[in-house]
Each structure stands twice: as C-alpha cells, then as structure tokens.
Amino acid sequence: MTARLIALYRYFKQAVPFRLIPAFITTGVLIGLLLVPVPDGLRPEAWHLVAIFLTTIVAIILKVMPIGVMAMMAIVILSLAQVTSPTSKGAITDALSSFSNPLIWLIVVAVLISRGLKKTGLGSRIGLMFIALMGKRTVGIGYGLAICELVLAPFTPSNTARGGGIVHPIMKSIASAFDSDPATGTQGKVGTYLALVNYHANPITSAMFLTATAPNPLVVDYVAKATGQSLHLTWTTWALCMLLPGLVALLTMPLVVFLLAPPELKATPNAVAYARGELARMGPLSGKERVMLGVFGLMLLLWANVPAMIFGPGWTLDPTVVAFLGLFALIITGTIDWDDVLSEKSAWDTLIWFGALVMLAEQLNKLGVISWFSIGMRDAIVASGMGWFWVAAVLVAAFVFSHYLFASTTAHISAMMLAFLTVGAQLVPGDYLVPFMLMMTAGSAIMMTLTHYATGTSPIIFGSGYVTMGQWWRVGAVMCVLELLIFAIVGTAWWRVLGMW
C-alpha cells in the first residue's frame, strides 16, 4: 500500500505542471480559512475574499506555479465565488476591473521600453563607460555599477530589467575578466563583492525615483488615500525627497559591502582596459542608441513635468501617456519593432499578475477589510500604551521585515501597505505624519535587500552562484537596517529642510 502511494505521488509529481506539496499546502490554507468563523466586524463575503487573497499570496510565496498562473487562479476563483457581486457578470467585471487602470499600463509599457536598452546595447555602453572611469580598484568598479544603476533608474521602471537584465551581465563580464567564476570556485576574487553591490544598488535606486520599480506608483496611490489626498507624491516630489538619503545610502553601500564581503583582489587595473576595449569594439553611438537617448531624455522631461513648469498646467501629461508616447516613438523609428513588443513576456506576465493583485487589494478595500484590519491594529497599538514615535517605528519595522514572508514586493505592498499607512495616519500626530509616510515609502523598496527571493532581480543575481545564501541573508539584514537608519536620520533632516514637515 505504501509503495503504491509513493508510486502514485511520483506519477502526479511528474504529470502535473505544478509543485505538488506546495499545492496541497495552499489548498489546505484555503479550506482552513473558509472553515474559520467569520471575525466580528466582517461580512461573510469579505472574509471569503480574505481567504482567496491570502491563499493567492501563499501560492505565490510557495511558488506553486508561476506568479501569473496564481494570479489567474485568483481571478477564476473570485469570479466563481461571486464574493464581490451577486451575479456572475458583476463578479467577472470586478475581477477584471484593474486591467483598465492606467497604473497597470504604465508599468507594462515601461517594461516594453526598457527592452530597447538591451537591444540597442545602450545599457551595456553606459555601464562600461563608468567602469572605464572608475575601475582601477575593485571598490571603484562597485561604485561604477552603483552609478550605472542610478543613471538607469529614472527610466527603467522594471528593477529586474535594470539590475538583472542590464547591470548584471556587465558585472559578470567584469568578474570573468579577472577569472572570478563560481564554476571554478574563484568567485571570491571579485565576483562575490561585485554581485552584492550589483544587487544592493537596486533597492536603493528603486527607492529614489517613482519610475524606478513597478509598485512605486501603487505606493503613491496608497499614500494619497491614507492621507486623504493631502500628500500626493509627484515624480519630482518623490525624486527630490529621496535624493539626499538615497545618495548617502548609495555612497555608503559599496564600502559596507566591501567590509562584509571583502574581495580577494583589491586592485583591478585591468578592468579599465577591459571596459575601454569593449567600448572600442562597440564603436561610436549608433543611430538607434541616439534615438534611445533622445526618447529617454524626452520622457524624463515629461515625467518631471518640466513643460508644465515652463508653459503652465495645460502641458501636464499623465505618466502613462508619456510611457505610451515613448513606446510609440521607439516603434515608428525602428528602434524596437512590434515583434519585440509581442515577445517581451515579462511585460505581459506583469500585466496579469500585477493587475490581479491590484484588483484583490482594491476589492479588499471595497468590502471594508482594510478598514477593519486598520481599526484592529490601531486599537491593539493604542492598548499597548506606546508613544507616537515608537508607534511609527514599529509600523515601519513590521512592514519592512515582514518581507521575509514575500517573494514579490508588489504582493507585499498590495497586501499590507495601505493598512499600515492608515493606522499610521490615525496614530502619528499631524506634524510628523509626512516623515512617517516618506519612511514607509522608502521602506517599500529597502525591504528588497533582505532575501534571495525578495524581488525579481534577486533570483537572477543569486542564481549566478557568486553569493551563498548565508552571505546573502547576512549582508541583506545589515544593509536593510543601515539603509533604514540613513533614511530615518538623513532623510527626516532633509525633508525638514525641504519644508515637507
């Protein structure tokens, strides 16, 4: 009997396209939640929606199937369960509601645009230029990679495309030039250090610009909702607020990583020759690279609202309109073609899973779950007797370090951020509310430092083999705490200078 069960398990493990044990766990979570009595203050349909939502998050964390499939599962279950509407037509309308959201399309189109960086070679050229300028020492190469991240961040809303698709190949090429390769056990020469810098620059730059990572526009929306629209972060406001603390964190990070994971080779004069040789091989800027630069410059000006500053508010363009303009410009100039658009799987994958997660978060809010959770959290904190400062600190820390439970920043932000912001808005005095909101905003990106599955960039860099899991988690925990302190100290002082509070 035991042998038959084992054989049956092996058969299903090979036959089905999902991971069997995580699937059983996820199913158990759904059934268990549905059997739990409906908590006081919630309607049954609201609790059923909570069960669907938490099951989806568990399925994503356990990686039952690709995140897009799990998002589709949520859409199907929500439509069949009819928890948001008494009719099937109303339920499917709710399930698909977020796909008309301009925020979703801003992210999708921006990912499509970032394909041009790789296709034209402009991303590699930018990275090599920094290496040629700063690569005489290993720490200098680290700063070159960090600056490359900083330059690309304003117009690459996919932090995965930026850190994993553009900067990481450059980092690997440099490591290989010094015979630093995990396959031969020589990753410690320079590769481990450069891989960690490659990664830890990514969360910092993601915190510095509204358009630097996919969920940032969602953060803007949540901050506005939690503050009753009194704090609405524009592209320019976000960039200005995060400029000084972000630069301090970016300047500090390569040195701290150097101490935590010191490379065996401290001096790397050959890196300059390597970068110059690669740049010589690439030759002068091609026509398509020039178009990419022009389009990026135009988009950056429009995202920063420069025309409106000069000519008046009538020239203000929605960020999604700017993104579509940039994509259309690249297509009609032949910089990328329609096949590039169709074949960019990550963009269409993002459309499905991001849209589904945003929809679930919106429906939770619509059915009163976020309000119920916020009131419960507020009452618990009030009952604890903590002062407002510790309330703010606990909320930020709890939100950031709970990312150990998530394999997606978008899933984490969708699941928890609005509730935490709402509680903070109720308990933090009005005079100090803005710095709390900005700390939460920074924390939504800083939390990516923690694990090797924290965001799309991390499995790419971790999978290259330069960093062990122990190194990754140790350095990640230290960098997370350090960056939170930098934003808390430097950031709050800077925001005071800017008159934000």
Of all the residues that make up the range 55-99, how many are touching a Gly at 6+ places or on another chain (Cβ under 8 Å) and open to solvent by less than 60 Å² (accessible area, probe 1.4 Å)?
4
Tell me the residue from 52, 25, 6, 31 that is open to solvent by 70 Å² or more (accessible area, probe 1.4 Å), within 22 Å of residue 373 (Cα to Cα) and either free of Cβ contacts under 8 Å to residues at least 60 places away in the same chain or β-branched (Val, Ile, Thr) (or both), please.
31
Scanning for something open to solvent by 50 Å² or more (accessible area, probe 1.4 Å), over 30 Å from residue 138 (Cα atoms) and modelled with pLDDT under 90, does the range 263-286 turn up at least one residue?
no
Index of the failed condition, residue 316 passing every other in (1) open to solvent by 60 Å² or more (accessible area, probe 1.4 Å); (2) touching a residue at least 24 places away in the same chain (Cβ under 8 Å)
(2)
Which residues, counting only those in the range 302-357, are part of a helix (DSSP H, G or I), under 30 Å from residue 52 (Cα atoms) and among the charged types (D, E, K, R)?
345, 349
Which of the residues belonging to the range 350-391 are under 24 Å from residue 63 (Cβ atoms) and open to solvent by 20 Å² or more (accessible area, probe 1.4 Å)?
351, 352, 353
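Consider residue 245 carefully, then state whether it is of a type outside the set (A, V, I, L, M) and more than 16 Å from residue 150 (Cβ to Cβ).
Values: of a type outside the set (A, V, I, L, M): yes; more than 16 Å from residue 150 (Cβ to Cβ): no.
Answer is no for this residue.
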Within the range 256-288, tally of residues that are farther than 24 Å from residue 200 by Cβ, touching a residue at least 24 places away in the same chain (Cβ under 8 Å), out of contact with any Lys or Arg (no Cβ under 8 Å at 6 or more places or on another chain) and assigned to a loop (DSSP other than H, G, I, E, B)
1
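Any idea which of 166, 57 is farther than 17 Å from residue 271 by Cβ and in contact with a Cys (Cβ under 9 Å, 6 or more places away or on another chain)? Let's see the steps before the verdict.
On the way: 57 fails: in contact with a Cys (Cβ under 9 Å, 6 or more places away or on another chain).
Only one candidate passes the filter, namely 166.
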Considering each residue of the range 188-225, count those that are open to solvent by 20 Å² or more (accessible area, probe 1.4 Å) and part of a helix (DSSP H, G or I), and give that number.
3
So in the range 332-349, with the set limited to residues that are closer than 18 Å to residue 292 by Cα and open to solvent by less than 50 Å² (accessible area, probe 1.4 Å), which one is modelled with the lowest pLDDT?
344
With the first residue restricted to the range 89-117 and required to be of a type in the set (Phe, Trp, Tyr), and the second required to be at pLDDT 90 or above and open to solvent by 20 Å² or more (accessible area, probe 1.4 Å), Cβ contacts under 8 Å at 6 or more apart or on different chains are 105/324
What about residue 143, is it open to solvent by less than 10 Å² (accessible area, probe 1.4 Å), under 23 Å from residue 264 (Cβ atoms) and of a type in the set (Phe, Trp, Tyr)?
no
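The values are calculated or read from the model by the stated rules, or taken from the named source; none is laboratory data. Computed from a predicted model, the values in this text were never measured in an experiment. Cβ atoms come from the backbone with ideal geometry, glycine included; neighbour counts cover every protein chain shown. The area values use the complete protein model at the heavy-atom level, side chains included, leaving out ligands, DNA and RNA. Shrake-Rupley method; radii C 1.70, N 1.55, O 1.52, S 1.80 Å.
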